[in-house]
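Visitor: Here it is, the structure, as structure tokens.
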């Protein structure tokens, strides 16, 4: 059996797969510093899976940089590569490394694999990834990377299996973290997140796209570390409407909450136009993630904003969170596809494992 590990700074989410089938899962929250090994033991006990039944573990790693662009076995060199990306993802990669270390401590001989959220976007052309910065700054790794790649790879897999993968797909991963991806023939050609997951859409607690000079002003006023906290943890829907939970914003009935919702949808439409331009047209729109799958108001407002592209939504189907949302007049297909990231990690790791045994 294959253990899938998604480690946060104070949380640990586990799923166990036998082939493509999920057979167990567990989640441990509020982990104290240095307590991930104990949390791992606790989670496996909760899932009813002894470590002796595992043949490998695979980790979700947020940032693989420019060098780690495919799922691979974790070797000392790969571990060093993940560590080298810590400055690029200081909120995520350290926690991912802690998860890897916890598994190594609990089961030293268990093979471990890494699946990178940035990897799916390695197919973006250079003109889409390079910032217009001096060469020496670009050589430091200052470029666009993109994230949510595991989610987008899962969408491509699922739609391909249905025989429904269009040539030009606008993929919308909408949750507390939110991004869009332009996918042409199953390959990412553009995405809204950039150097970090901060860029792009308005998000739960992240500002989304913001002028660099505004960032510099925040750093001048508050210092770099505090500015980072403001932009990543105190902005977005939380700052505009008082909550990063869309359900709470819908219930609030305040002017501020209504504006936050409008802001979220407006900027999703604005960025969608950019993604469609990168593809040269639009054949289908797909929604995934907690908001994308469950919030018909957000979906409806985004889709109505895309009417000029031939998008026509079936309103009753949208209100019911149906899997197919386009009406008969729509020139563009519209779907909801539930997120399937852990299975994607499992399948990608299994391909690598099979290759090792070939």
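The values are calculated or read from the model by the stated rules, or taken from the named source; none is laboratory data. Keep in mind that what you see is a predicted model, and the values were worked out from it rather than measured. In this analysis, Cβ positions are derived from the backbone assuming ideal geometry, glycine residues included, and neighbour counts consider all displayed protein chains.
Visitor: Determine which single condition residue 353 fails, assuming it passes every other condition in (1) over 18 Å from residue 153 (Cα atoms); (2) assigned by TED's automatic domain parsing to the domain that holds residue 173.
Guide: Of the numbered conditions (1) over 18 Å from residue 153 (Cα atoms); (2) assigned by TED's automatic domain parsing to the domain that holds residue 173, the odd one out for residue 353 is (2).
Visitor: Just one of 298, 285 is touching a helix residue (DSSP H, G or I) at 6+ places or on another chain (Cβ under 9 Å), under 20 Å from residue 185 (Cα atoms) and surrounded by 17 or more Cβ atoms within 10 Å (Cβ to Cβ); which is it?
Guide: That would be 285, the only listed residue that is touching a helix residue (DSSP H, G or I) at 6+ places or on another chain (Cβ under 9 Å), under 20 Å from residue 185 (Cα atoms) and surrounded by 17 or more Cβ atoms within 10 Å (Cβ to Cβ).
Visitor: Give, as residue ranges, the helices (runs of 4 or more DSSP H) completely inside region 86-194 that count at least 1 residues that are touching a helix residue (DSSP H, G or I) at 6+ places or on another chain (Cβ under 8 Å) and under 30 Å from residue 1 (Cβ atoms). It would help to see each step written out before you state the result.
Guide: Details: elements: 93-106, 126-129, 135-138, 149-161.
In region 86-194, 93-106, 149-161 are the helices (runs of 4 or more DSSP H) which contain 1 or more residues that are touching a helix residue (DSSP H, G or I) at 6+ places or on another chain (Cβ under 8 Å) and under 30 Å from residue 1 (Cβ atoms).
Visitor: A follow-up question, please. Just checking, which of 317, 339 is surrounded by 12 or more Cβ atoms within 10 Å (Cβ to Cβ) and in a loop (DSSP other than H, G, I, E, B)? Can you show your working first?
Guide: Values: 317 fails: in a loop (DSSP other than H, G, I, E, B).
When all the criteria are applied, what remains is 339.
Yes/no matrix, rows are residues, columns are (1) closer than 19 Å to residue 294 by Cα; (2) surrounded by 14 or more Cβ atoms within 10 Å (Cβ to Cβ); (3) touching a helix residue (DSSP H, G or I) at 6+ places or on another chain (Cβ under 8 Å):
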site	(1), (2), (3)
204	yes, yes, yes
210	no, yes, yes
213	no, no, no
216	no, no, no
227	no, yes, yes
233	no, yes, no
242	no, yes, yes
249	yes, yes, yes
255	no, no, no
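Visitor: Find the residue count for region 43-66, including only residues that are assigned to a helix (DSSP H, G or I), buried (at least 16 other Cβ atoms within 10 Å of the Cβ) and touching a helix residue (DSSP H, G or I) at 6+ places or on another chain (Cβ under 8 Å).
Guide: 1
Visitor: Another question about this same structure. For residue 329, all conditions in the list (1) touching a helix residue (DSSP H, G or I) at 6+ places or on another chain (Cβ under 9 Å); (2) within 19 Å of residue 283 (Cα to Cα); (3) not in a helix (DSSP H, G or I) hold save one; what is the number of the exception?
Guide: (1)
Visitor: Go through region 67-85 and give me each residue that's within 24 Å of residue 188 (Cα to Cα) and part of a loop (DSSP other than H, G, I, E, B).
Guide: 67, 68, 69, 70, 71, 85
Visitor: Mind checking which helices (runs of 4 or more DSSP H) fall wholly inside region 235-311 and carry at least 1 residues that are farther than 15 Å from residue 207 by Cα? Reasoning before the result, please.
Guide: Details: elements: 236-241, 246-252, 255-279, 289-294, 296-305.
Correct list: 246-252, 255-279, 289-294, 296-305.
Here's the yes/no breakdown for (1) closer than 23 Å to residue 196 by Cα; (2) in contact (Cβ under 8 Å) with a residue 60 or more places away in the chain:
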{"position": "2", "(1), (2)": "no, yes"}
{"position": "23", "(1), (2)": "no, no"}
{"position": "32", "(1), (2)": "no, no"}
{"position": "36", "(1), (2)": "no, yes"}
{"position": "52", "(1), (2)": "no, no"}
{"position": "68", "(1), (2)": "yes, no"}
{"position": "75", "(1), (2)": "no, no"}
{"position": "88", "(1), (2)": "yes, yes"}
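Visitor: Of all residues in region 109-129, how many are surrounded by 13 or more Cβ atoms within 10 Å (Cβ to Cβ) and closer than 25 Å to residue 186 by Cα?
Guide: Number satisfying all stated conditions: 14.
Visitor: Check whether at least one residue in region 33-42 is surrounded by 20 or more Cβ atoms within 10 Å (Cβ to Cβ), under 19 Å from residue 153 (Cβ atoms), touching a helix residue (DSSP H, G or I) at 6+ places or on another chain (Cβ under 7 Å) and modelled with pLDDT of 90 or more, and report yes or no.
Guide: No, because not a single residue in region 33-42 is surrounded by 20 or more Cβ atoms within 10 Å (Cβ to Cβ), under 19 Å from residue 153 (Cβ atoms), touching a helix residue (DSSP H, G or I) at 6+ places or on another chain (Cβ under 7 Å) and modelled with pLDDT of 90 or more.
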